[in-house]
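The next block holds one structure in the form of structure tokens; read it before the comments.
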Amino acid sequence: MAQGSRQIQSQAQQQIQTLSPQQILVVKLLELPAVELEDRVHAELLENPALEEGREEAAADDPDESNSNDPEAESDANEYDSLGDYLNEDDIPDYKLQENNRSKGEQAEEIPFSDATSFYEILREQLSERNLTEHQRELAEYLIGSLDDDGLLRKSLESISDELAIYAGINATEEELEEALCIIQDFDPAGLGARNLQECLLIQLQRKLEKGKPDKVLILEQRIINECYEEFTRKHWDKIIKKLGCEEELFNTAISEITKLNPRPGASLGEAIGRNMQQIVPDFIVDTYDDGSISVNLNNRNIPELRMSRDFTEMVEEHTKNRANQSKESKEAMMFLKQKMDAAQGFIDAVKQRQNTLMTTMQAIIDLQRPFFLEGDESLLRPMILKDVAERTGLDISTISRVSNSKYVQTNFGIYPLKFFFSDGYTTEDGEEMSVREIRKILKECIDNEDKKKPLTDDELAEILKEKGYPIARRTVAKYRQQLNIPVARLRK
């Protein structure tokens, strides 16, 4: 009897790691340099009314806080702005580091800041040029704060109306919000304030119509986006041509023009700002003193301190006391308040964790490259890779990579990108580790000083480097020469 085929089942255990929303927020903030973090904090303050600027005021009956205006007391308070502050469970965060490591008689040098204006500030400037009522201005400002980074508004006007009533005590109908949104949609660049991509493209096309005489191509562009948007997104060109009854050549021209429109007007404005920036804003300030001590501080001068809104806290406490007699609407309002408070606390915690991670990483870099920070001599930089800093800090390599990207440090010897301090090492046959940066520097000096009528070959360069104490092979010399964009000997004559 033939035995029927059997289906073999097996079980396998698989471990999948997913990031929580809070972890994702921490990662995103960690990647931001100082200027972008400032914009992000201000945007969050506009977005979440449960979050506000300022320190918690001391209780009036607390004798320990009675001398809050005393300069010495303020100096003592600054001592708590240190690396471990984020562990405190106090509701009012002290995540903003102060410059507390200078001698009393020393005046801090002014840090060069960029004069770039943020995306939201540019919109508020355009708003100030409009002749509006106070109510219209309040609604428009709230809408500006509700825009995503790409300049689009993805919240419904109904939900924004509810937020205004609950958080700001402002009663606004959807019709009033629609009028305020139309004002924003008239701002530059065209497409701002659109609620979806289709509306964003139509606003830009309408702006083009207003600026010049309508032509066949522009009218066809509008019809494609207005009447055939779904087919357009799926690139069903034949269906659109058939539906609109247009010529193929005219249609191709219209599609070509549509692809030149900007789907992310807010992001493009941010890119334009970035191109106009004249100065680098350092994320860290490192000072070296005559006694050999080195201090490091975060450059958070333009970033406000954050705290939970007292009004929100009191409202939640009031709702909690009357929990037994709450209506359905009150319970929904309570849930809404709680969500905003949780988001505010999460943002505060994420900013504190960012500070701690940045300071820990920068301190490790200083410890590993201490000779450079004391002397400012590039040749003193030792080989250092992401793994070295990760092992010293106990952080993941990917975290160190995020910290080192797009971050700058101001030292006594100039401003450097954090990536400047990382370089591979070369290990000789004797086990001695040498800095690749130092070897390339010596190699370049040898080539710069060579007889241009008789340039040095890679073999000759390898021999010279060996005499100088850098025993590397000819093929390694060739690799470093290529990294310096220096041609071979016969092309250097």
How many residues, within region 369-402, are on the phi > 0 side of the Ramachandran plot and out of contact with any helix residue (DSSP H, G or I) (no Cβ under 9 Å at 6 or more places or on another chain)?
1
Does L177 meet the test of being assigned by the TED database to the domain that holds N262, open to solvent by less than 10 Å² (accessible area, probe 1.4 Å) and either touching an Asp or Glu at 6+ places or on another chain (Cβ under 9 Å) or of a type in the set (A, V, I, L, M, F, W, C) (or both)?
yes
Only one of N171, N196, N131 is in contact (Cβ under 8 Å) with a residue 12 or more places away in the chain, polar (S, T, N, Q) and open to solvent by 40 Å² or more (accessible area, probe 1.4 Å), namely N196
Would you pick out the residues in region 462-493 that are assigned to a loop (DSSP other than H, G, I, E, B) and open to solvent by 100 Å² or more (accessible area, probe 1.4 Å)?
K468, N485, K493
List the number of the failed condition for G105; all other conditions in (1) within 30 Å of G292 (Cβ to Cβ); (2) of a type outside the set (K, R); (3) at pLDDT 85 or above hold.
(3)
How many of the residues making up region 275-290 are at pLDDT below 90 and either open to solvent by 40 Å² or more (accessible area, probe 1.4 Å) or touching an Asp or Glu at 6+ places or on another chain (Cβ under 8 Å) (or both)?
7
Only one of (1) surrounded by 17 or more Cβ atoms within 10 Å (Cβ to Cβ); (2) of a type outside the set (V, I, T); (3) modelled with pLDDT under 85 fails for K452. Which number is that?
(1)
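Yes/no matrix, rows are residues, columns are (1) within 30 Å of P21 (Cβ to Cβ); (2) out of contact with any strand residue (DSSP E or B) (no Cβ under 8 Å at 6 or more places or on another chain):
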position: S330; (1), (2): yes, yes
position: T361; (1), (2): yes, yes
position: P371; (1), (2): no, yes
position: D377; (1), (2): no, yes
position: M384; (1), (2): no, no
position: R392; (1), (2): yes, yes
Which pairs turn up if I take residues in region 231-260 that are touching a residue at least 24 places away in the same chain (Cβ under 8 Å) and look for partners that are small (G, A, S) with beta carbon separation below 9 Å, at least 6 apart in sequence or on another chain?
C246/A254
Just to be sure before I move on: is E314 closer than 25 Å to N48 by Cα, without any contact (Cβ under 8 Å) to a residue 40 or more places away in the chain and open to solvent by 20 Å² or more (accessible area, probe 1.4 Å) in the structure I sent?
yes
Across (1) loosely packed, with under 15 Cβ neighbours inside 10 Å; (2) under 44 Å from the mean Cα position of the chain (by Cα); (3) assigned to a helix (DSSP H, G or I), D459 clears everything bar (2)
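Can you pull out the residues in region 231-242 that are part of a loop (DSSP other than H, G, I, E, B) and open to solvent by less than 100 Å² (accessible area, probe 1.4 Å)?
H236
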With respect to A390, is the statement that it is of a type in the set (G, A, S), surrounded by 17 or more Cβ atoms within 10 Å (Cβ to Cβ), at pLDDT 90 or above and part of a helix (DSSP H, G or I) true?
yes
When region 328-361 is checked residue by residue, the ones that are farther than 14 Å from S309 by Cβ and open to solvent by less than 30 Å² (accessible area, probe 1.4 Å) are A333, G346, A350, V351, K352, R354, Q355, N356, T357, L358, M359, T361
I'd like to know if region 243-254 contains one or more residues that are open to solvent by 80 Å² or more (accessible area, probe 1.4 Å), modelled with pLDDT under 85 and in the same structural domain as G151 (by the TED database).
no
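The values are calculated or read from the model by the stated rules, or taken from the named source; none is laboratory data. The model shown is predicted, which means the values in this text are computed figures rather than measured ones. Ideal geometry is used to build each Cβ from the backbone, glycine not excepted, and the neighbour counts take in all protein chains shown. The protein model used for the area step is the full one, side chains on, heavy atoms only, and it has no ligands, DNA or RNA in it. Shrake-Rupley method; radii C 1.70, N 1.55, O 1.52, S 1.80 Å.
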